[in-house]
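Engineer: Just passing along the structure, written as structure tokens.
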Amino acid sequence: MQEARKISTGIPGLDELLYGGILAGDSILIEGAPGTGKTTFGLQFIYAGIVHYEEPGLIITFEQFPEQMYRDALNFGWDLRALEEQNRLRVICTSPQLLKEELEEPGGMFELIAAEIGAKRVLVDSINHFQRITDDRMRLRELLNTFLNGLKRQRLTSVLVKELDEINGVSIGFEAYMVDAALRISYETEPGGVRRARYLEILKTRGQEHRSGRHTFQFGPHGLEVFPVPALPTGDILGNPLQRVPTGIAGLDEMLHGGLVGGFCTLVAGAPGTGKTTLGLQYLHHGVLNDEPSLFVSLQERLYKIFKTAEGYGFLRDLVRKDCFRALCVPPAATNVNKLFADIRDSIEQMHIRRVVIDGLTELKTLLGNPNLLREYLYSLTSLFEQHGITAVLTHEIEAADTAPQPIEPELSPFIDTIIHLRCLEHQGVLKRTISILKMRTSSHDMHVREFEIGSSGIRILGQFPGP
């Protein structure tokens, strides 16, 4: 028996959730509240099929006039009118009753139009209008079944739009049981009605696997972009022998007995102003000087502030003149954590990154909210680093205290191999910066608390801190 062929949806990120795309000839239900992006989803499916995969398409609308669709599609650079002129697209404005009759009649107008352009895909917006024929539930099921069979006879892969009456409704309509795949898109709101985030969830797929979960998406300049919830890497973890990765801070490398352990994850924890970001930048600067592709991710500061900081220590010139350095700076208010993960993964794969600094574990905790989600996110992130043999540093802001606080929650500790603690302590009326290593997996390390200073060239480790 020949295996069913998969086709791309043309929506970045969605094919990843469908493990390559949707089965050709299937019917896809896309449902959601008004304004969630259902019609845009369908138009993108049709446009991508025509332009990228040579699959002509039909758009059937029961409500919008073609001119309105042409206008809306141009916002994403989709010139539907030009595709019609090229005989690769037809936009049909009709009624549910007339379309039903056309599909039931062999050789009808719908069949002729589909054959004329060699249609492979169809968008129907929206199937709610079948209620104009009847409001009897059993009759509606029969109508939809007839309609779907008609589309399958034409060997069309279809997207059917359905509007939900409730924004946060959890009920499953009968249509979801009849189609081959059902997707739901939604958005969450904050008090005052502010839209916070958009989500896509695959409710079912018939005859193929899919990834479950609520995945974020956004409207980009070229349409919808889906950002899957991070999944564990499927490749093998690199099994290289343990080796040291110098931080570029001489005294710290001595405390670490040669440097960080290659491929491991280090947490740099401290109160505000203790030098966490500086340590991270100095670590990456040393990597860039040795032509090691390096990535800086900031969830705290904007790019120009990071560069100003690097310039103050003399790092900026080396960072910007090298092709092996990249900075991703996303303020917390604008951060989509799934998109952030995708950007980090893409940077790693494109540049073969060896060193990573994520400046803002505290902000990640706030964004994810749920401790279980944070644990899963860190698990995926550190596994990604391990798979690529990356030596990573994460910074974490903790409260200042006279006694040494716990730098990280016990449930997150398994993902961290080394913990470096930075503090500001008073000694004889003067504030002193101190550094200590609280944990270092697979290796011995200096157990003393040492003093350090931040000068024009970054961090410099001094002697043992004398204590109070």
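Read the figures in this text as sums done on the coordinates, not as results from a lab. For clarity, every value in this text was computed on a predicted model and none was experimentally measured. Virtual Cβ from ideal backbone geometry, glycine too; neighbours counted across all protein chains shown.
Engineer: Please label the shape of the stretch 6-227 as rounded, prolate or oblate, based on the square roots a ≥ b ≥ c of the eigenvalues of the alpha-carbon gyration tensor (a/c under 1.5 means rounded; beyond that, a/b larger than b/c means prolate, else oblate).
Structural biologist: rounded
Engineer: Sticking with this structure for a sec: Per the helix-only calculation at 222 nm, which mean residue ellipticity applies to the chain, given -39500 (n - 2.57) for every DSSP H run of n ≥ 4 and division by its residues, nearest 500 deg cm²/dmol?
Structural biologist: Numbers: 15 runs with 151 residues, N = 468.
Calculated from helices alone, the mean residue ellipticity at 222 nm is -9500 deg cm²/dmol.
Engineer: Just to be sure I understand: of the beta bridges DSSP finds with both ends in the stretch 6-227, what percent are antiparallel, rounded to 5?
Structural biologist: Here the antiparallel bridges make up roughly 45 percent for the stretch 6-227.
Engineer: Determine, from the Cβ-Cβ distance of Ser444 and Leu303 and an R0 of 41 Å, the FRET efficiency 1/(1 + (r/R0)^6), rounded to the nearest 0.05. Write down the numbers at each step before the final one.
Structural biologist: On the way: r = 39 Å, r/R0 = 0.94.
Plugging the Cβ-Cβ distance into 1/(1 + (r/R0)^6) gives 0.60.
Engineer: Shape of the stretch 314-468 from its Cα gyration tensor (a ≥ b ≥ c, root eigenvalues): rounded if a/c is under 1.5, otherwise prolate when a/b > b/c, or oblate?
Structural biologist: In terms of gyration-tensor shape, prolate.
Engineer: Further question: Based on other C-beta atoms within 10 Å, arrange Cys93, Cys265, Cys324 from fewest to most.
Structural biologist: By the 10 Å Cβ count, ascending, the order reads Cys93, Cys324, Cys265.
Engineer: Another one. As an exercise, use a Förster radius of 45 Å and the Cβ-Cβ distance of Leu203 and Ala250 to find the FRET efficiency, rounded to the nearest 0.05.
Structural biologist: Details: r = 57 Å, r/R0 = 1.27.
The formula returns an efficiency of 0.20 here.
Engineer: Oh, and also: For Ser95 and Asp291, calculate 0.36 nm times their separation in residues minus their Cα-Cα distance, and state this gained length in nm to one decimal.
Structural biologist: Computed gain between Ser95 and Asp291 is 64.2 nm.
Engineer: Students often get this wrong: which residues of the stretch 445-459 have the backbone nitrogen under 15 Å from the point 7 angstrom along Cα-to-C-beta of Asp318?
Structural biologist: Inside the label zone: 455-459.
Engineer: Work out how much length Glu67 to Ile133 would gain on full extension: take 0.36 nm times their residue separation and subtract the Cα-Cα distance, in nm to one decimal.
Structural biologist: Full extension from Glu67 to Ile133 adds 21.2 nm.
Engineer: Rounded if a/c is under 1.5, else prolate if a/b is larger than b/c, else oblate: which is the stretch 326-389, with a ≥ b ≥ c the root eigenvalues of its Cα gyration tensor?
Structural biologist: Numbers: a/c = 2.12, a/b = 1.37, b/c = 1.55.
Note, shape of the stretch 326-389 comes out oblate.
Engineer: Here are labelled values, (i) 25.4; (ii) 21.7; (iii) 23.0, and one is the computed Kirkwood radius over Cα pairs in Å for what I pasted. Which one?
Structural biologist: Computed from these coordinates, Kirkwood radius over Cα pairs in Å corresponds to label (i).
Engineer: Taking the Cα-to-Cβ direction at Glu399 and at Lys6 and moving 7 Å from each Cα, how far apart do the two end points lie in nm?
Structural biologist: 4.9 nm
Engineer: Oh, and also: Note the angle between two axes, namely the Cα long axis of helix 276-289 and the longest principal axis of the Cα atoms of the chain, as a number of degrees from 0 to 90, rounded to the nearest 10.
Structural biologist: 80 degrees
Engineer: Still on this structure, I have one more. Please order Ser95, Ser294 by the number of other Cβ within 10 Å, starting at the fewest.
Structural biologist: Lowest count first: Ser95, Ser294.
Engineer: To continue, here is another question. Does anyone have the angle between helix 303-312 and the longest principal axis of the chain? Alpha-carbon axes, 0 to 90°, nearest 10?
Structural biologist: 20 degrees
Engineer: Near Gly259, within a Cβ-to-Cβ distance under 9 Å, what is the net charge of the other residues, with Lys and Arg +1 and Asp and Glu -1?
Structural biologist: For residues surrounding Gly259, the net value is 0.
Engineer: If you take every DSSP beta bridge whose two residues both sit in the chain, what share of them, in percent to the nearest 5, is antiparallel?
Structural biologist: Antiparallel bridges make up about 45 percent of those DSSP assigns within the chain.
Engineer: Right, next: For the cross-link pairs Lys339/Lys432; Lys38/Lys152; Lys276/Lys322; Lys6/Lys365; Lys305/Lys432; Lys162/Lys365, which exceed 29 Å when the distance is taken from alpha carbon to alpha carbon?
Structural biologist: Correct reply: Lys339/Lys432; Lys6/Lys365; Lys162/Lys365.
Engineer: Gain in length, Arg155 to Ser457, computed as 0.36 nm per residue apart minus the alpha-carbon separation, to one decimal in nm?
Structural biologist: Full extension from Arg155 to Ser457 adds 102.0 nm.
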